[in-house]
Structure formats: C-alpha cells, structure tokens
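The values are calculated or read from the model by the stated rules, or taken from the named source; none is laboratory data. Just so we're clear, the structure is a prediction, and the values are computed from it rather than from any experiment. Here the Cβ is made from the backbone with ideal geometry for all residues, glycine too, and neighbour counts use every protein chain on show. All accessible areas refer to the heavy atoms of the entire protein, side chains included, with ligands and DNA or RNA removed. Shrake-Rupley method; radii C 1.70, N 1.55, O 1.52, S 1.80 Å.
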Amino acid sequence: MGTRKQLEEALVNIALLEKKLSESQKKEGDLLKMENENRKNTDVLNRIIEYNPYSIQILNPDGYHIRENKAFRKLFKVVPGEKWSILKDPQMIESGLGKLLRRVTDGYLVQLPPVWYNVHLVDPKYPDNLICIGSVIFPVFLLDGKLEFIVLMHEDITNRMEAKEALKNSVKPMNHLLSSNPAVIYSSKVVPPYNWTFISDNVSNLTGFDSVDFLNNQNFWSDHVHPDDRQKVNDELALVLEKGSHILEYRFHNIDGSYIWVQGETKLICDSEGNPLEMIGYWIDINKRKQAEEKFIIANKELVFQNEEKEKRAAELIIAKEKAEESDSLKSAFLSNMSHEVRTPLNSIIGFSELLADPDFKDDQKDEFIKHIITNGNNLLNLISNIMDISKLDSGELKIHKKKIIVHNYILNVEDQYAHLTKEKNLELTYTYPLNREEIAIFADPDRLMQLFNNLMSNAIKFTANGKIEIGYQPIGNMVEFCIKDTGIGIPEEFQKIIFERFRQVNDQANRKYGGNGLGLSISKNLVELMGGEIRLESEPGKGSVFYFTLPIHKSHGHP
C-alpha cells in the first residue's frame, strides 16, 4: 500500500485541473495545453490505479462506487452496482464498522479489521471459496479542504491469517507442554543483571510468583537468589559466556518466604557469526534431593562418628589391655622385688639376732649387730608403711590433717635429721631460703610433709655417690615451691614421665644396686596433690636431679 500517497496526489491534481478548466477563460492555446497536461495526468493516474498490485476501489464522498482496478476485479470477481454505498451497506453497519467509516469522512485513515468474503454468496456461478480480506480506507481532500474521494485498498490476507491461526493452534499444545512440564523454561539477556525475556507460566507452580513478576522487574530474579549464593551464581553465569553452557545450583526465595533449592542448566545462543544473542535454560526443583543429600551427610557423619567411637573404644581396650599386661608385669616385678626387699632386712635381723646370742662376740661387735638390726627393722617398717599407704590411697581412707607450718623452722628440722646421713656418705648438705623466711607459712599436714621429705631425701642420698644435696624453698604467688636437688646419677628422659607411677623404677639393675620398691615417688605425688600442690622433676643423667613440689601458703584469716 506504498502507492497511497501517489494516488492521493494524482486524484487531487486531476480535480484541480478540472476546476481550473471550468473556471478559466483563457485563450484557446492555453486551454489546449491544459487539456494535454490533464490528459497526461489522467493517463498516469489510470495506469497507477489499473496496474497497481493492490486492489483499489474509489468511492465518492457519499460512499458510492466510482471505479475499481484490475486487482479489485480479480479479488472480488464482481463490481458493485451504482446504487451500492459502503456508508449505507446494512452488513457494514451491523458489523459495527459504521463508526470506523465515519472517521474517514472526518479525515482519518482507518485500518479495517479482517473480513471473510465469499463471492459465491454474491454470485452463485462462482465456487464456494472463503477468503480473508484486509482493507485500509482513507479520504482524499482538495486543497480547499473539500472531501473529493474515498479510497479503499484491499489485500488477500488468507494465507497470513491461516498461518497465524496455525501458529496459534501450535502454541496451544506448546503452552500446555510448558505448563505441565516440571521444568521451568526461560530465556534472558547475556549481560548483568541478566534480565528475563521469557519464562514459562509453570514458574508459579515452583515459586508461587507469576511469570510477569520476572519479566516486569529487571532485578526480581537476582533479588530473590539467596544472599549467600548470589556471588557464586554471578560468577558461574559468566562461565556460560566462556564455555557456552553451565549447570548452576542455588537457593531461591519463594512467595511463602521459604527457600528452595533449584538447578538451572543455562546455554548460550549465538548468531551465525558467533555473537551472543541470549541465554536459554531451565529450572528444576532439587529441594528433595538436597534434603536427601543433607540426611545422607548427617547419616554419614554419624556413621563416621560411630566408627571413630568404635575405633576409639578399640584403642582404649588395647591400651587397657596393654596397661593390664603392663600392670601384671609390674606387679610381678614388684612382688619379686618385694620378696627381696622383705627377705633382706628379715634375714639381716634374724642373722644378727642369732649372732647376739653367741657369747664369743665382744660387746663392741654386738653393738654393731644391734645397729644393723635397728636399721633393717626401720627399712622393713618403712616398706610396710608404704604398702599400707598405697592401700589407704586406693580406698580413699588416707586422711590429711592440715595446719599452719612455719616453713623455715620445719626445714631446719629436716636438715638436722639428715645431716648425719649425708655426713656418713661424705656429701655436702646445703640450705637455701628467701630473705623473708620467718614470715612464710604453709597450710599442710606436718606428718605427711615429713613423709614426703623422707622419700625425696632418702632417694637423693641413695643415688648420690659424691657431691652435695641441696634443700630450698621460695614463695611463688599463693604457693611455696620446695626443691630437693642432688648431684647423683640422674634419670634418663624416657623414664621421667613414668617415674611417679607405682612400681616404677628406672631399671632393674638400679633396683638391685640401690634397693627400693618403686612406691616412694608414687606416694609422694599423691601426698602433694592431697595437700593441694603439684610435683615435678628436672633431671639429666650423670648430673643429678631436682624434685620440685608446691604447697599452699597459709592465710591467717582463712584458716585457724
């Protein structure tokens, strides 16, 4: 219908020429010239109208048919009679087109709705063949504004309408397929924020939102992605442009306020030259799968935990078994050693007692026998006391009776008690103390403290062949730290961690050489802990050992 403007101009020119001819009183030469020009323009107009590929129908201002072209006759087969007017046609008026036609007389171009036309109903000689006509109608005015013609241009749009109907019919099953499919189909732009260009209606089944919610708000989708997943999703969408496709999993905020897990596979669509056009993809609900995975992970963790617990219990059983075997071994060694420790003083006591009855020995010799009997009797008594203490510790019956003890006076007594023993072994006994020694007091059991010093001092003297023994103390915070230091044989590092365990001695050779039952240090540790302190050891083989233990300072307002 691109010739509408040409047609309007030609019609106006002809009308003007005719008006000029009727009004002018020009000379015959000018008249002839104008007639020739008029004839030429009329011929051009006729050709434009007659050979135009579009059907053209020219009406007068009252809507009566004036002329038509070849395409009109081919399309409609028949020509309207002189008495037919489009403005007065009952069918046109009843169809509701009357108002549209009146707009033409007001100067408007009007696009008429498609009309199905069957020439058989007009003239039975033609076959029954329904076609669809598309029409546009417009007015032609003279320069003075007078309506001169009404022009209709027609086109056979049957194929177009049938194609449209076919497309409409094909869309119906497609829409049904999309709406009944569990997957949500979508397309979006290829640049952030990846605005949606299409999304299937079944998105409401998945999220509760309508498809228009996604299409009318460019940030709707990104705003509903879980905040913890947004950066990951944006990074992975960029991979679509790089790789051509990618599968994403993320959480989406539903209309009910909950989050569901969705999986989206997105693919890049490019033109023939490889330029990105859009991204298309689908969503599926993987919430149940994620829940199952979470349950599986929890179950797996529980299983791992149970296995770890089983392995732990098995390891504990192995350790307990090893400890039991070790304990049996230690007890066996202890009993063997104990047998030796008991028999030795008993044999000595019995042997020297028998010698006392022999009249052949002199009095000074018998005095020496008595000393041996007393020494071995004390050793035997100490052994029995240790065994009794171990029994009381195991049963919880060993009682601690704490009282205030002036440390300096107490240490002087310890020093006096062991002065002769160190002197007998030619060992130097030294004593170190702080400047404010008279003010320092502890809260402890004096008898058990003496037992503690006896165990540590006896060991220091026993395992020191030459050199010195040092006793010292100093306040540290709320505690007083004591130390017994010797220059004896020392204790190897591998034995320092177990030396405070029961029945433990550095080795059997030392046991045979120096004696002992492996209970003294274990009892000492228990006594220190019962009195509220701790005991530790520093030692280096060949250079000696230092035993440190702490006891609480006495506070006059807190204790009697």
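Go through segment 296-348 residue by residue and tally those that are aliphatic (A, V, I, L, M), within 30 Å of residue 369 (Cβ to Cβ) and modelled with pLDDT of 65 or more.
Summing the residues that are aliphatic (A, V, I, L, M), within 30 Å of residue 369 (Cβ to Cβ) and modelled with pLDDT of 65 or more in segment 296-348 gives 1.
In segment 214-247, which residues are at pLDDT 85 or above, buried (at least 17 other Cβ atoms within 10 Å of the Cβ) and outside any helix (DSSP H, G or I)?
Answer for segment 214-247, where residues must be at pLDDT 85 or above, buried (at least 17 other Cβ atoms within 10 Å of the Cβ) and outside any helix (DSSP H, G or I): 225, 229.
Across segment 441-472, what is the total count of residues that are open to solvent by 10 Å² or more (accessible area, probe 1.4 Å) and either touching a Pro at 6+ places or on another chain (Cβ under 8 Å) or part of a helix (DSSP H, G or I) (or both)?
Number of matching residues: 12.
Output the residue which, of all residues in segment 182-213 that are among the hydrophobic types (A, V, I, L, M, F, W, C) and touching a residue at least 24 places away in the same chain (Cβ under 8 Å), is surrounded by the most Cβ atoms within 10 Å (Cβ to Cβ).
Kept after step one, since they are among the hydrophobic types (A, V, I, L, M, F, W, C), are these residues of segment 182-213: 183-185, 190-191, 196, 198-199, 203, 206, 209, 212.
Now drop any that are not touching a residue at least 24 places away in the same chain (Cβ under 8 Å), which leaves 183-185, 190, 196, 203, 206, 209.
On the way: 183: 17, 184: 24, 185: 17, 190: 16, 196: 20, 203: 21, 206: 19, 209: 18.
Out of the qualifying residues, it is 184.
Give just the number: which of (1) in contact (Cβ under 8 Å) with a residue 12 or more places away in the chain; (2) open to solvent by 60 Å² or more (accessible area, probe 1.4 Å) does residue 127 not satisfy?
(1)
Only one of these is of a type in the set (A, V, I, L, M, F, W, C), assigned to a helix (DSSP H, G or I) and under 15 Å from residue 458 (Cα atoms): 421, 429, 412. Name it.
On inspection, the qualifying residue turns out to be 421.
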